[in-house]
Amino acid sequence: MDFLKWRLFPMLALLASFLVIFYIQDSSKLSQSDCSLLPYSHYWITGKRIVTPEGVISGAVEVKEGNIVSVIKEADWQGNSKRGKIIDYGEAVVMPGFIDVHAHLDDPGRAEWEGFPSGTKAAAAGGITTLVDMPLNSDPSTVSVDTLMLKLKAAEKNIYIDVGFWGGLVPENAFNPTALQALLDAGVLGLKVSILRSGSLSISKSFMCPSGINDFPMTNISHIKEGLSVLAKYGRPLLVHAEMEQESESFPVDDEQDPKSYSTYLRTRPPSWEEAAIREIMKVSMDTRIGGPAEGAHVHIVHLADAGSSLELLKEAKRRGDSITVETCTHYLAFSAEDIPDGDTRFKCSPPIRDSDNKETLWKALLEGDIDLLSSDHSPTLPELKLLKEGNFLRAWGGISSLQFVLPVTWSFGRKYGVTLEQLASWWSERPAKLAGQDLKGAIVVGNHADLVIWDPDVEFEVNNDLPIYLKHPCISAYLGTKLSGKVLATFVRGNLVYEEGKHASAACGAPILAR
Ligand SMILES: *[C@@H]1O[C@H](CO)[C@@H](O)[C@H](O)[C@H]1NC(C)=O
Ligand SMILES: [Zn+2]
């Protein structure tokens, strides 16, 4: 550009620059800049603790148009002269974003319980870059193509992170392969079945929340067998809530027992329920073995709470070659039955949080690889349905609110066991990505989506109202009052900086994830 000319026509230059600025601002509205707190789409992230599949490195990650395009160790970075924008995170940890394969965002239909906007804002603030939404607790449940379309509509422009969807396997669709295939063709990442019920016990109905979870009916082993044979063709997983009421055990609650005491609730859902369900599932999970009739399908047990016989059975199923995995949730690793105060229904969930010995054994199983991955099972509701004042464990809604805090919770409670950053990445990114069939997510490697969380392991804080909590109902979170370490500094989804220290990108640009 001719410098002299600019000097000769300063007014013109000023006018031109205004026009340029207007043009940039205007076009940025149409581009990604509302989706990201960063104004550019090509940049480098540098840091001393970048967690990659080859270990924790000091170096740089190059992000371009939403993808990771290079990962460079410090030694090679030094000699690399071509640079663009650099964001240096120093000693902070740079990890693949968390993938939560088990969350209930209750949208559509019960968005007042959580909903996509607040749920995914909280997730982003907690370092979660992808979550897979459960098919139940929304209204309607995701059990058909039509209901999946309602999910997609509710999620449109309302999700700050990427969101996939599990479909529901229920009696009404289990024996209808055409309907199941249509649901899978429409893109659910797999199917979920709810509680297996052997008997005709009706007593538990009175403990159900009045707002009705009854719209997600129970399945039996025949439904599950049918579902698995369809899933086999798609290579997608079946997720199982494994708790089966035992007819032989009479319901132990009587008038003598205090419904405000946690131990009363604990006795209503004994470990034998989990064990019985897993024993039942093992009759069909064997079909997933190589050469079996459902080869290609996979069974995943959600929210395992019993570290006893249930876990032993799962080890046996793995040994014999079933394609089976199991998750536990942060609340089973953080809390113990003995410590739950009377009347504090924030801690009610199913299966229930068991005693501290059980918790120790869960940790051991996780560290030894017998438990494959972690999830939040974030399952909020309205505060009035938690019956916080009344404190009745038998009548309160069962479900723990946790989504925003699973990263610091896993880290804080895991420190005692020497949990490493690589283990965190395996439990919360790599294996969840595999379960959900997301081969471009879950690790910092070239070609993957630039889904990243940056966090400081040493910052300590208490979960209280001084924090920005983005969940719709912070007062029901089981973690209120808990001291944690590990602060999320920044969260990137497909290269967009969607969250940074108390601030979200102005637009919700997360993508719905549909299986193909
Ligand atoms: C499961 O329920 C269906 C009805 O939905 C019934 O036809 C089938 O026999 C049941 N299977 C078992 C094993 O109880
Ligand atoms: Zn759940």
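The table for this structure:
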read-out: The chain - charge dipole about Cα centre, Lys and Arg +1 at Cβ, Asp and Glu -1, debye rounded to 20; value: 1480
read-out: Computed Kirkwood radius, in angstrom, where 1/r is averaged over Cα pairs of region 331-382; value: 12.1
read-out: Protection proxy ranking, peptides 296-306, 47-57, average beta carbon neighbours within 10 Å, highest first; value: 296-306, 47-57
read-out: Mean separation of Cα contacts under 8 Å (6+ apart) over length of region 95-513, as relative contact order %; value: 22
read-out: Residues Cys349, Cys509, sorted so that the one with the fewest Cβ neighbours within 10 Å comes first; value: Cys509, Cys349
read-out: For Tyr265, Tyr89, order by how many other beta-carbon atoms lie within 10 Å, fewest first; value: Tyr89, Tyr265
read-out: GluC sites (Glu not before Pro) lying in DSSP loop within region 407-503, provided at most 15 other Cβ fall within 10 Å; value: Glu501
read-out: Antiparallel bridge percentage (DSSP; both residues within the chain; nearest 5); value: 45
read-out: Histogram of C-alpha separations across the chain, 10 Å bin width, %; value: 4, 19, 29, 26, 13, 5, 2, 1, 0, 0
read-out: Nearby aspartates and glutamates by direct alpha-carbon distance to Lys364 (threshold 14 angstrom, same-chain neighbours under 8 apart not counted); value: Asp306, Glu312, Glu327, Asp372
read-out: Chymotrypsin sites (Phe, Trp or Tyr not before Pro) restricted to region 419-482 and DSSP loop, no more than 12 other C-beta within 10 Å; value: none
read-out: Kyte-Doolittle mean at least 0.0 and Cα axial length at least 24 Å: DSSP H helices in the chain; value: 10-30
read-out: Cα-Cα over 28 Å, subset of Lys225/Lys315; Lys64/Lys503; Lys260/Lys416; Lys260/Lys487; value: Lys260/Lys416; Lys260/Lys487
read-out: Proxy reagent accessibility, fewest Cβ within 10 Å first, across Glu256, Glu91; value: Glu256, Glu91
read-out: Residues whose placed amide H lies under 5 Å from that of Val132, excluding near-sequence neighbours; value: Asp100, Val101, His102, Ala103, Gly164
read-out: Thr482 long-range amide H proximity, modeled H, under 5 Å; value: Val463
read-out: Amide H within-cut-off set for Phe335, under 5 Å, with H built and near neighbours excluded; value: none
read-out: Signed unit charges on C-beta, dipole axis of the chain, positive-most listed residue Ala433, Cys509, Phe413; value: Cys509
read-out: Region 299-387: GluC sites (Glu not before Pro) in DSSP loop, at most 16 other beta carbons within 10 Å; value: Glu368
read-out: Whole-Å semi-axes of the ellipsoid equivalent to region 105-193 (Cα gyration tensor, √5λ, descending); value: 24, 12, 10
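The numbers here are math on the coordinates, done by the rules we state, and not lab data. In this text the structure is predicted, and so the values were computed from the model without any measurement. Glycine also receives a Cβ, built like all others from the backbone with ideal geometry; neighbour counts cover every protein chain displayed.
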